[in-house]
């Protein structure tokens, strides 16, 4: 019964994505690519990045699981905000590539190096959450809507060179969305550890003062 329900759900979802999301994303990309030289793509892409996180069901499941596993220490609202900021930045960079034709390696290589370096400083819990978040955020919404939008923009901006531009500039949106949560969540973890360490030090200081008072 579970397999049947999953199969029917996937068929309905993919049909809706092919009929609605993908064509609409392509039309929006073509319209934005023809407006102000395509530069308006960047702020629109960043706004769409927030709604991608808000509309992705797997993101909500992850946020609730993290809040439950951390006994409320990591709030689902904070996780949602961190993921929203990271995906906004990711799609802003992706649309910047569409307009300026920057080589993807100039962003991906430093980005993944930064993510790997942060693993030595971020708490292990946040490192695991970050790498899970990258896969969760780059879900069906990005592939079904954002990627067609980038393809549509490339078709207008590149003109006769559209087939080549689509391969080199449009593709890579999913890679950026998978990358940015790795950095954002781990930075969030470093900040969280510093705050908790400060609270622990304050509690220890208060306990020492109480103990000294009792001794006196």
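The numbers here are math on the coordinates, done by the rules we state, and not lab data. What you see is a predicted model, and the numbers here were worked out from it, not measured in a lab. Virtual Cβ from ideal backbone geometry, glycine too; neighbours counted across all protein chains shown.
Assorted remarks:
- Degrees, to the nearest 10: 41-55 long Cα axis against longest axis of the chain: 60
- For region 20-210, radius of gyration divided by Kirkwood radius, i.e. Rg to Rh on alpha-carbons: 1.09
- Remark: 109, 52, 156, 142 ranked as 109, 156, 142, 52, counting other beta-carbon atoms within 10 Å and listing the fewest first.
- Which of 100, 127 has the fewest Cβ neighbours within 10 Å, and the rest in rising order: 100, 127
- On Cα atoms only, tilt of 124-137 relative to the major axis of the chain in degrees: 20
- Whole-Å distance, taken between Cα centres, linking region 78-122 and region 171-190: 5
- For region 7-114: rounded, prolate or oblate by the Cα gyration tensor [a/c cutoff 1.5]: oblate
- Sorted peptide list for 17-28, 180-191, criterion being average Cβ within 10 angstrom, highest first: 180-191, 17-28
- Largest GNM mean-square fluctuation across 130, 175, 73, computed for the chain with C-alpha springs under 10 Å, falls on 73.
- Among 88, 154, a tally of other beta-carbon atoms within 10 Å of each Cβ gives an order, fewest to most, of 88, 154.
- Of the residues 120, 145, 171, the one that moves most in a GNM of the chain with alpha-carbon contacts below 10 Å is 120.
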